[in-house]
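The structure under discussion appears below in the form of structure tokens.
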Amino acid sequence: MRARRIAAVALVWGVAGGALAQEPSPEAGLPGPEPEAASGEGNEETSAAQDDGSADESTESEPAEDPRLAEARERFRQGVMLARAGNCEGALAELRASLALVERPNTLYNMARCYEELFRYDLAVQTYERYLNVAPSDAPDRPAVEATMRQLRMLLGTVVVRSNVPAEVWIGERVVGEAPGEVLVPGGHHALELRAPGHVPERREVDVAGRQRVEVDVTLHEAQITNVTEEHTTIAVTEEGGAPPAVFYSALGATAAAAVVGAGFGLRAMGSRRDARDASPYDLAAIEAANDETARAALLADVFFGVAGALGVTTLVLYFLTDFDGDSDERAVSPEVAIGSGGARLSLRGRF
């Protein structure tokens, strides 16, 4: 089915004087290609040289073509050829490059047709609107374009996004609108992501049908940077130069305990995230609560993993400093490890 649609578009693009290969107007500044060139086939220009090798006076008097215009025309032809071959993504890349050099109605029209083939109906409508703005008011295909736009709008749904701060609305790798505001999207399942400077991105999944309005409330939270630093580590050893084995084993146990607690909070964060994903997209309160719980559990997991890392380094140092063969009656001052996190303070102490 898709191959037949692409073949039909290729046929329209190949007809000389058709809407997809319409001749550029003189006002556009780009010399109009011959019908063969408009359908994607290049033509070779020949010079009117006389038998004695001298150029025609009319040729000599013509100014050299602007390189930007020549490049725009060549990229337009390449885009049409790629579209006829079914490569709409490649065609869009060439047509965008041509449009950046010279804004021409037929370039916009071809881009809109490519967006239709890729089912990006929202971008197709936007491009058709731009085409109508730059095309002549008496363009013969204006009624057909307006009718196409009406049909495409019936395939679009509206997502009303409400947010506590201004943010960009992303779908995949492109920005589709701003929040608070309304976003037009093709009917189907979409994953919306709101991004704002200084805030944690929030993701929402929505299902919307054509001509349907769906409302989404999103609360963005300010990003908080948690610094986990090792304030001090004090280790006192005996005169013989070795720490008691009990100090090493205590540090090893504290490291394992911190790692286990961090893993527990990590599993809790994963469970909360799964609850948010499994919740109904219309139960915004449940989704928001699950996301908050995920953030809290992930933060605690990071803190305890940081503690485990600091204790692990201390334990490794103690391994080389411990006198495993020393006198068991000799005692040393126990190590004290203090870990600071933001305004809170977490301390682990042991004394033997």
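In summary, helices (runs of 4 or more DSSP H) completely within the range 57-135 and bearing 2 or more residues that are surrounded by fewer than 16 Cβ atoms within 10 Å (Cβ to Cβ) and in contact (Cβ under 8 Å) with a residue 12 or more places away in the chain occur at 67-84, 88-101, 121-134. It is to be established whether one or more residues within the range 218-225 are closer than 27 Å to ARG274 by Cβ and in contact with a Gly (Cβ under 7 Å, 6 or more places away or on another chain). Within the range 218-225 (the criterion being closer than 27 Å to ARG274 by Cβ and in contact with a Gly (Cβ under 7 Å, 6 or more places away or on another chain)), the answer is yes, since at least one residue qualifies. Of all residues in the range 244-268, those satisfying the criterion of being buried (at least 17 other Cβ atoms within 10 Å of the Cβ) and either of a type in the set (Val, Ile, Thr) or not assigned by TED's automatic domain parsing to the domain that holds THR315 (or both) are VAL247, THR255, VAL261.
Every residue, every condition in (1) modelled with pLDDT of 85 or more; (2) not polar (S, T, N, Q), yes or no:
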residue	(1), (2)
MET270	yes, yes
ASP278	no, yes
ASP283	no, yes
ALA286	no, yes
ALA290	no, yes
THR294	yes, no
ALA297	no, yes
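Looking at the range 184-203, which of the residues that are buried (at least 16 other Cβ atoms within 10 Å of the Cβ) and touching a His at 6+ places or on another chain (Cβ under 9 Å) is farthest from ALA286 (Cα to Cα)? The selected residue is HIS199.
Residues checked against (1) assigned to a helix (DSSP H, G or I); (2) closer than 18 Å to GLU288 by Cα; (3) not assigned by TED's automatic domain parsing to the domain that holds ARG120:
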{"residue": "ALA147", "(1), (2), (3)": "yes, no, no"}
{"residue": "VAL165", "(1), (2), (3)": "no, yes, yes"}
{"residue": "TRP170", "(1), (2), (3)": "no, no, yes"}
{"residue": "GLY177", "(1), (2), (3)": "no, no, yes"}
{"residue": "ALA191", "(1), (2), (3)": "no, yes, yes"}
{"residue": "ARG204", "(1), (2), (3)": "no, yes, yes"}
{"residue": "ARG211", "(1), (2), (3)": "no, no, yes"}
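Do we have any residue at all in the range 269-286 that's surrounded by fewer than 19 Cβ atoms within 10 Å (Cβ to Cβ), part of a helix (DSSP H, G or I), touching a Leu at 6+ places or on another chain (Cβ under 9 Å) and without any contact (Cβ under 8 Å) to a residue 40 or more places away in the chain? For the range 269-286, residues surrounded by fewer than 19 Cβ atoms within 10 Å (Cβ to Cβ), part of a helix (DSSP H, G or I), touching a Leu at 6+ places or on another chain (Cβ under 9 Å) and without any contact (Cβ under 8 Å) to a residue 40 or more places away in the chain: absent.
The values are calculated or read from the model by the stated rules, or taken from the named source; none is laboratory data. For clarity, every value in this text was computed on a predicted model and none was experimentally measured. Here the Cβ is made from the backbone with ideal geometry for all residues, glycine too, and neighbour counts use every protein chain on show.
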